[in-house]
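Following: one structure in structure tokens, then a few remarks.
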Amino acid sequence: MSKPKPLGLLEFVLLAIPCVAVLAVPFFNTLEPSVFGIPFFYWWQLIWVPLSGVFIAIVFKLVVPAGSGD
Amino acid sequence: MNLVATIVFVALFVAITVLGFVSAHWRKGDMSHLHEWGLGGRRFGSWITWFLIGGDLYTAYTFVAVPALVFGAGALGFFALPYTVLVYPLVFAILPRLWVVAKKHNYITASDFVAGRYGSPALAMAIAVTGIVATMPYIALQLVGIQVVIGGLGFSTQGLMGDLPLIIAFVILAAFTYTSGLRAPASIAVVKDLLVYITVIALIVVVPYKLGGFGNIFAAIPKEKLLLPPPKGGNLGLQSFYPTLAFGSALALMLYPHATTAVLSAKGPNTLRRNWVFLPAYSFMLGLIALLGYMAYAAGIAKLPDLAPYFKQYGPQFAMPGLLLHFFPSWFVGLGFAAVAIGALVPAAIMSIAAANLFTRNIYKAYVNPNCSPAKETEMAKLISLLVKFGALLFIVFLPLTYAIQLQLLGGILILQTLPAIVSGIYTRWFDAKALLLGWAAGLIWGIWAASLNGFKTSGYALHLGTMVIPAYIGLYALILNFVVAIVATVALRLLGMANDQDATAAADYAG
């Protein structure tokens with residue numbers, strides 16, 4: 001069984017993207033564009049929850065060899 | 001008293017109690033070893049780990065406090081969301097390495113790791129004491145969730161009789177944690193999470209439907225509540241406080257002893273990595289729960305004659321229970337309230353186990369009885385887990401609730417000061433133990449002082465830089481000071497030739 005690779009620069013950047021997205025307050029601290037009546041401030045932060053999962057999944061695929069145990 | 005709701009509530013609580021006791025036999029190991037009682041034998045697979053960490057981090061208090069914060073403070077209360085988005089990328093990079101080295105050296109706590117990595121029982125004890133102190137008010141707060149829903153069922157929560165349901169709940173919790181260890185919250189977490197998901201999904205579908213959609217809900221909220229106020233005359237205000245609070249809280253979360261306990265009980269590092277992909281599902285739910293605060297506001301339930309007395313007694317904390325009472329039939333109210341109460345037991349159990357592990361390993365075994373047998377060690381931990389819970393109970397029965405809330409706020413600032421020793425240690429052995437201890441002390445002292453400036457009521461400190469004023473989370477400012485002191489002191493100790501390079505771990509111990 002091969003061991004997972006250590007995180008490289010690409011992996012760190014991928015993990016940092018969702019973090020930056022929810023920390024950039026001046027960018028998302030607005031009401032418009034709203035979606036289904038939900039202001040931008042709220043839906044922008046909400047969609048980054050599943051999106052962060054997608055970014056982490058990509059990093060998982062990059063570092064953990066297929067068929068690794070546990 | 002709401003009879004139907006109470007019957008459903010009690011029935012679910014009894015079922016959970018039985019489950020808690022029988023779970024001792026689940027994948028049974030030799031329960032006289034601490035890693036069996038206190039870490040479930042490090043055998044939990046992906047699914048159980050998902051439920052356990054989810055049940056552990058998204059506590060019952062969260063379900064009550066987050067909507068309450070949004071209901072009362074508006075946009076600021078939404079910081080819980082960026083907070084939970086930040087957690088998983090951070091832990092993905094850090095905690096699998098801790099799991100691997102902990103397994104290799106049979107470390108049960110983060111302080112065990114610090115003791116081995118730096119050859120310094122003193123530093124390990126400082127970390128352990130910080131963890132225990134930060135955890136105690138957190139356990140006490142779990143009781144608040146139970147108290148609010150028992151009040152919502154129509155029982156008085158005043159006086160000694162009013163505390164009786166709480167005392168019963170805690171005796172049950174203490175008994176099954178004592179016999180079953182970490183296996184009890186792990187099995188209960190599965191049921192608890194199902195109940196929570198059912199409740200939240202029902203709330204999030206039914207309430208906006210009855211209120212005429214999200215457009216109507218947000219239209220009913222005053223504009224100034226919906227966004228963070230813009231900077232005024234060089235003062236960044238909430239614009240800097242909001243992201244630093246989210247970031248600092250995310251860092252603090254992974255340092256809490258109960259987080260370490262849940263993480264180390266996983267079967268392997270890939271089980272954890274897989275979990276960080278799927279745990280955001282809980283965060284999404286948390287975001288929806290936060291919006292319940294606005295729904296309660298838009299529905300105006302605080303002013304309804306039948307609910308107003310509750311809001312008078314419990315304040316904004318009644319937002320979520322109030323929505324359930326107003327929009328749902330009694331049996332469903334019972335189910336939703338049971339979800340909150342059972343949701344309090346899972347983290348409370350894990351927290352008390354984590355605090356017990358810390359005391360036993362890093363204070364009792366390190367200083368009092370170094371030669372104790374594994375069986376004696378486990379016996380000690382079980383006893384301490386009882387003491388910790390009893391302390392939390394006394395706390396909530398005899399002290400005003402605001403103390404628990406303020407101490408929990410302070411606990412976050414304190415636990416953050418263990419980051420340089422634990423997280424840096426996972427990656428590098430550059431720091432010196434004495435320097436880390438000095439940094440820890442500096443961070444603690446400054447943090448407590450800064451929190452005392454506003455009477456421990458809020459966790460913000462306004463830093464004046466020239467003409468700029470930058471309010472930010474105290475824990476984060478204290479952490480910066482902590483790092484600066486640790487770096488300067490490490491350099492000084494190395495120049496003086498007084499640094500200690502003892503290390504029980506090797507670089508290869510971290511890969512996997």
How many of the residues in the stretch B:227-256 are of a type in the set (Gly, Ala, Ser), without any contact (Cβ under 8 Å) to a residue 40 or more places away in the chain and within 14 Å of another protein chain (Cβ to nearest Cβ)? 0
Check the stretch A:6-19 and report whether any residue there is among the aromatic types (Phe, Trp, Tyr), more than 20 Å from B:SER46 (Cβ to Cβ), buried (at least 18 other Cβ atoms within 10 Å of the Cβ) and out of contact with any Pro (no Cβ under 7 Å at 6 or more places or on another chain). no
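Go through the stretch B:430-461 and give me each residue that's of a type in the set (D, E, K, R), over 24 Å from the mean Cα position of the chain (by Cα) and part of a loop (DSSP other than H, G, I, E, B).
Here is the first cut: in the stretch B:430-461, the residues of a type in the set (D, E, K, R) are B:432, B:434, B:457.
Applying the additional criterion that residues be over 24 Å from the mean Cα position of the chain (by Cα) yields B:432, B:434.
Matches in the stretch B:430-461: B:ASP432 only.
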Pick from the stretch B:268-286 the residues that are surrounded by fewer than 23 Cβ atoms within 10 Å (Cβ to Cβ) and among the small types (Gly, Ala, Ser): which of them is nearest to B:ALA339 (Cα to Cα)? B:ALA281
With the first residue restricted to the stretch B:180-204 and required to be at negative phi, and the second required to be among the hydroxyl-bearing types (Ser, Thr, Tyr) and assigned to a helix (DSSP H, G or I), Cβ contacts under 6 Å at 6 or more apart or on different chains are B:SER180/B:SER23; B:ARG183/B:SER23; B:ALA184/B:SER23; B:ALA184/B:THR177; B:SER187/B:SER23
Inside the stretch B:302-325, can you point out the residues that are over 29 Å from the mean Cα position of the chain (by Cα) and either surrounded by 19 or more Cβ atoms within 10 Å (Cβ to Cβ) or not small (Gly, Ala, Ser) (or both)? B:LYS303, B:LEU304, B:PRO305, B:ASP306, B:LEU307, B:PRO309
Of (1) at the interface with chain B (Cβ under 9 Å from one of its Cβ atoms); (2) part of a helix (DSSP H, G or I); (3) over 16 Å from the mean Cα position of the chain (by Cα), A:PRO4 satisfies all except one. Which? (2)
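Out of the residues in the stretch A:56-70 that are part of a helix (DSSP H, G or I) and within 7 Å of chain B (Cβ to nearest Cβ), state the one that is surrounded by the most Cβ atoms within 10 Å (Cβ to Cβ). Full working, then the answer.
Filtering the stretch A:56-70 down to residues part of a helix (DSSP H, G or I) leaves A:56-63.
Subsequent filtering for residues that are within 7 Å of chain B (Cβ to nearest Cβ) retains A:56-57, A:59-60.
Numbers: A:ILE56: 25, A:ALA57: 16, A:VAL59: 23, A:PHE60: 17.
Among those that are part of a helix (DSSP H, G or I) and within 7 Å of chain B (Cβ to nearest Cβ), it is A:ILE56.
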In the stretch B:36-88, what residues are assigned to a helix (DSSP H, G or I) and of a type in the set (Phe, Trp, Tyr)? B:TRP37, B:TRP47, B:TRP50, B:PHE51, B:TYR61, B:PHE63, B:PHE71, B:PHE78, B:PHE79, B:TYR83, B:TYR88
Name the residues in the stretch B:368-427 that are surrounded by 22 or more Cβ atoms within 10 Å (Cβ to Cβ), among the small types (Gly, Ala, Ser) and modelled with pLDDT under 90, would you? B:ALA392, B:ALA404
It is to be established whether one or more residues within the stretch B:201-208 are within 25 Å of B:ILE16 (Cβ to Cβ) and surrounded by 20 or more Cβ atoms within 10 Å (Cβ to Cβ). yes
Only residues that are closer than 21 Å to B:ALA75 by Cβ, of a type in the set (A, V, I, L, M, F, W, C) and buried (at least 20 other Cβ atoms within 10 Å of the Cβ): list them for the stretch A:45-55, please. A:LEU46, A:TRP48, A:VAL49
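B:ILE172: under 30 Å from B:TRP37 (Cα atoms) and buried (at least 23 other Cβ atoms within 10 Å of the Cβ), yes or no? Give the derivation first.
Details: under 30 Å from B:TRP37 (Cα atoms): yes; buried (at least 23 other Cβ atoms within 10 Å of the Cβ): no.
Here the answer is no, as B:ILE172 does not meet what is asked.
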In the stretch A:17-51, the residues that are closer than 19 Å to B:THR244 by Cβ, facing chain B (nearest Cβ under 7 Å) and within 16 Å of the chain's Cα centre (by Cα): A:PRO18, A:CYS19, A:VAL22, A:LEU23, A:GLN45, A:TRP48
Given the condition over 26 Å from B:PRO96 (Cα atoms), buried (at least 18 other Cβ atoms within 10 Å of the Cβ) and over 28 Å from the mean Cα position of the chain (by Cα), answer yes or no: does some residue in the stretch B:500-512 qualify? no
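The values are calculated or read from the model by the stated rules, or taken from the named source; none is laboratory data. On a predicted model such as this, the values are computed, not experimentally measured, just so you know. When we count neighbours, we look across all protein chains shown, and the Cβ atoms used for this are built from the backbone with ideal geometry, even at glycine.
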